[in-house]
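As structure tokens, the structure follows; a few thoughts come after it.
Derivation of every value follows stated rules applied to the coordinates shown; laboratory data play no part. Quick caveat: nothing in here was measured; it's all calculated off a predicted structure.
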Amino acid sequence: MSAPQHETLFNDWEQPAPQVANPAPGTAPARPALAPINAADKRVVNGKADINQLAPFKYNWAWEYFLKANRNHWTPLEISMSQDVHDYHHKLSQPERHVFENVLAYLTTSDILAMRNIGLAVMEKMSAPELQIYQARQVYEEALHTWTYQHCIESIGLDQQEIYNRYRVVPEIHGKIALANRRLERVMRSDFDLSDRANLHEFALSYFFFAVIFEGCWFYNGFSPIFALQRRGLMKGTAEQLQYIMRDEVMHCAFGIRVIRELLKEEELTLDPAALRELWDEAEATEQAYASYILRDPILGYNAELHVQQFRFIANRRARQLGVAEPFPGAANVLPWLDEQANLRKEKNFFETRVTEYQTGGALAWE
Ligand SMILES: [Fe+2]
Ligand SMILES: [Fe+2]
């Protein structure tokens, strides 16, 4: 016997409500309508609730993230780069130029990877619209970050051909990108079925890598060499751009950690400690190699050892936020100013460069 036709016409969330069994005499049978959904039916992945229906919310916090992200809107064109042009050509030492250029060379490619991960590998697997909507905003923000690096590179007059190719030809930069690409490619397969428990674990591990390590550690810590210049009054335009990016990345990381926590709870899944250890060790080794290259000569107030020690300290914080064991117990906070750097208001007041808290909502005028 063939299956009822509606099973081939509707997705899971489009199943018609049961017809009214005994319509009143003289009235037509009730037309098939969709059954209402309940918030409790929503899941991070493998959900059956309607992906096109926003409310009722299950993940109210995700909607709040979306609203908050929109209040933080900015573009790189709003920040003056003129002093940076002068600083780069006339004030930076050769080791400082080396640091500056290579940090940009790494970040440009990284943010494209971050965009592709969230847009192509993660977002399409989410089964609640409030999660997808924040991630759609995140995709845009990663594109905005790429524009920002391009704007810095262009404003300062760096050789684009050379800068953008650097991650390909410098093994120490390529190592971080290659590691991320490996994680991304595995979960981007079109036949990647999350009803399979091994695949589900791999997806959670990949999301962990991107949200916690790639964005939460590598990005968060990755801006600090340029912040070290900013603290000496150098490259302040670029540093300010990075502070805006950092504010976005802090949200991306926090959102990702929240999603992973929900996912693990809903799916009764535990991340394999051995797999996590391998991830942390790989991340530390590639970060160490990267730091040794970009800071082969230390600059005033910053060196490779500080960079790696701070990576370990941030990694422990992220692990605590997710509720897993600290990977590097006892790591010290060797750059106590880094967290302050994430606080835009404080830095703006310090350098007195521009408005303290940029929010488009308050800036709109209609006359
Ligand atoms: Fe980004
Ligand atoms: Fe990000």
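I'd like the Karplus ³J(HN,Hα) series for region 245-261: coefficients 6.51, -1.76, 1.60, θ = phi - 60°, whole numbers in Hz, and an x wherever there's a Gly or Pro.
In residue order, the calculated couplings are 5, 4, 4, 4, 5, 4, 5, 4, 5, 5, 5, x, 4, 5, 4, 5, 4 Hz.
Can you list residues from other chains, or at least 5 along the same chain, whose modelled amide H is less than 5 Å from the amide H of Leu34?
Ala17
Once all Cα-Cα distances of region 78-177 are split into 10 Å bins that start at 0, what whole-number percent is in each one?
Bin by bin from 0 Å, the calculated values are 14, 37, 29, 15, 4, 0.
Of Lys42/Lys68; Lys68/Lys91; Lys68/Lys265; Lys91/Lys176; Lys176/Lys236; Lys58/Lys176, which sit over 32 Å apart, Cα to Cα? Write out the running numbers ahead of the final one.
Working: Lys42/Lys68 23 Å; Lys68/Lys91 38 Å; Lys68/Lys265 25 Å; Lys91/Lys176 30 Å; Lys176/Lys236 26 Å; Lys58/Lys176 36 Å.
Long pairs (Cα-Cα over 32 Å): Lys68/Lys91; Lys58/Lys176.
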